[in-house]
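Asker: Can you keep this structure in mind? I'll have questions shortly.
The values are calculated or read from the model by the stated rules, or taken from the named source; none is laboratory data. Nothing here was measured: the structure is a model prediction, and the numbers come from that model. Quick reminder, even Gly has a Cβ in these numbers, built from the backbone with ideal geometry, and neighbours come from all protein chains shown. Surface accessibility is based on the protein's heavy atoms, side chains included, excluding ligands, DNA and RNA. Shrake-Rupley method; radii C 1.70, N 1.55, O 1.52, S 1.80 Å.
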Amino acid sequence: MIAATALCAAALLADAAAGGTPAAPDGPVRAPLATVAVRSAGSVDGASYDGVVQAVRQTTVGAQVPGAVVAIEVRAGDAVKAGQVLLRLDARAADQVAAAGAAQVLAAKAAQDAATREFERQQQLYEKQFISRSALERAEAQHKAAQAQAAAQLASAGAARTESGFYVVRAPYAAVVADVAVVQGDMAMPGRPLLTLYDPSVLRISVAVPRTAVARLSQSAAVTADVPGVIAGRLAPLRVQVLPMVDAASHTQELRLDLPPGLAGLAPGMFARAWLPADSADTRLYVPAAAVVRRAELSAVYVVGADGRPMLRQVRLGRTSGGDVEVLTGLSAGERVAIEPQAAGRSQREVRP
């Protein structure tokens, strides 16, 4: 069958070369696919890289002591001040220990006062030579022991009061409550997250940038950022920091852009972009938006080779401008893609063995 088809095609070509009218083939003639070359254009506004908004200060608050959660004073989304109570744990046993420590301090101070008065009396008797030197030294030792005992009890009571304060969880700084991970009645343990806070006044954008782009980035280069849908236009970051570590899998470095304070509407996790100065050799690739095939999360185009056969190839798309869409990865300049994906799909099925 294949040999017969090849002979028929050869005969058609021979007749066409001779100027004759070719005989009609047995099956319908497949029209050639309409294609367009991948268009390349120079980057005039710089190279953009996708990133995410991060909080410079984000804290996962936990308990330092075990205890049942008896009260939650805040909810997710609340703005809190530094030192504000976030939640309370059952501190009844700790309060009793602190009260016992306070009582022991009073007893130790009373013993210290008695030892002080006794030592003063012994000094007076010694000056009048009514007691011996050894008796005075014993009184002095008892006085010092009482002082040390009082100091030890005072320190122990202070530790008990400090531990009692651990049962009240407070905000370490002015922040916004991002998440509350417990409900009333849960058991809090050291190391278990209770709440998550972040400081909305200190935000940044984190971007993974290829090593080649970082190499040409200088201190004088104008780096800008934007948050689509939240802030109009681009922002000039307060500081640009390139982390020294290189990701072994993607060969990228993390670029951090500190944002100015007072920007309304921003929150950690939002999509953002960083714009770096483009190299003179940087180009952007575009294809017609109608040539893109979208299947669920897959974006692809039919690439038509020199033999005229279409092959479906996955691509990563960028911004849409007019009737064209930017292709970030998957194509090269000059390749031809089918303008009508449905016709290309039918053609691919017809030539498939």
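Asker: Can you tell me how much longer the chain between Val70 and Glu137 gets when fully stretched, taken as 0.36 nm per residue apart minus their C-alpha distance, in nm with one decimal? The partial results should precede the final answer.
Answerer: Values: separation 67, 0.36 × 67 = 24.12 nm, distance 5.47 nm.
Stretched out fully, the Val70 to Glu137 stretch lengthens by 18.6 nm.
Asker: May I pose another question? If the label point is 7 Å along Cα→Cβ of Met187, which residues in segment 78-95 have backbone nitrogen under 20 Å from it?
Answerer: Only 88-95 pass the distance filter.
Asker: Which entry in (1) 23; (2) 15; (3) 58 matches percent of Cα pairs over 37 Å apart derived from the coordinates of this structure?
Answerer: It is the one labelled (3).
Asker: Can you show me the helix-derived [θ] at 222 nm for the chain, built from DSSP H runs with n ≥ 4 at -39,500 (n - 2.57) apiece and divided by the number of residues, rounded to the nearest 500. Write out the running numbers ahead of the final one.
Answerer: Details: 5 runs with 102 residues, N = 353.
Mean residue ellipticity at 222 nm (helix-derived): -10000 deg cm²/dmol.
Asker: Return the carbon/sulfur percentage of the accessible area of segment 297-353, one whole number, probe 1.4 Å, all protein chains in place.
Answerer: Values: 1600 of 3500 Å².
That share works out to 46 percent.
Asker: Collect residues whose amide H, placed 1.01 Å from N in the peptide plane, falls under 5 Å from the amide H of Ala188; neighbours closer than 5 in sequence don't count.
Answerer: It is Gly67, Ala68, Val69, by chain and number.
Asker: Quick query: amide H of Val61 versus all other amide H atoms, modeled in the peptide plane; which residues come in under 5 Å with a sequence gap of 5 or more or a different chain?
Answerer: Answer set, sorted by chain and number: Leu194, Leu195, Thr196, Leu197.
Asker: Using alpha carbons only, how many degrees (0 to 90, rounded to 10) separate the axis of helix 92-127 from the longest principal axis of the chain?
Answerer: Tilt relative to the chain: about 40 degrees.
Asker: Gly318's amide H: which non-local residues (gap 5+, or another chain) put their own amide H closer than 5 Å, with H modeled 1.01 Å from N in plane and none for Pro or chain starts?
Answerer: When sequence neighbours closer than 5 places are left aside, the close amide H contacts are Glu326, Val327, Leu328.
Asker: Given a Förster distance of 35 angstrom, what is the FRET efficiency for Arg39 paired with Thr212, based on the Cβ-Cβ distance and rounded to 0.05? Walk me through the numbers before you get to the answer.
Answerer: Details: r = 23 Å, r/R0 = 0.66.
With R0 = 35 Å, the Cβ-Cβ based efficiency is 0.90.
Asker: Alpha carbon centre of segment 63-128 versus segment 143-195: separation in Å?
Answerer: 11
Asker: Let me ask something else about it. How much accessible area per residue does segment 31-154 have, counting only protein heavy atoms and a probe of 1.4 Å, in square angstrom?
Answerer: Working: 7540 Å² over 124 residues.
That works out to 61 Å² for each residue.
Asker: Continuing with the same structure: First measure r as the distance between the Cβ atoms of Tyr126 and Ala151, then evaluate 1/(1 + (r/R0)^6) with R0 = 30 Å and state the FRET efficiency to the nearest 0.05. Write down the numbers at each step before the final one.
Answerer: Values: r = 26 Å, r/R0 = 0.87.
Calculated value: 0.70.
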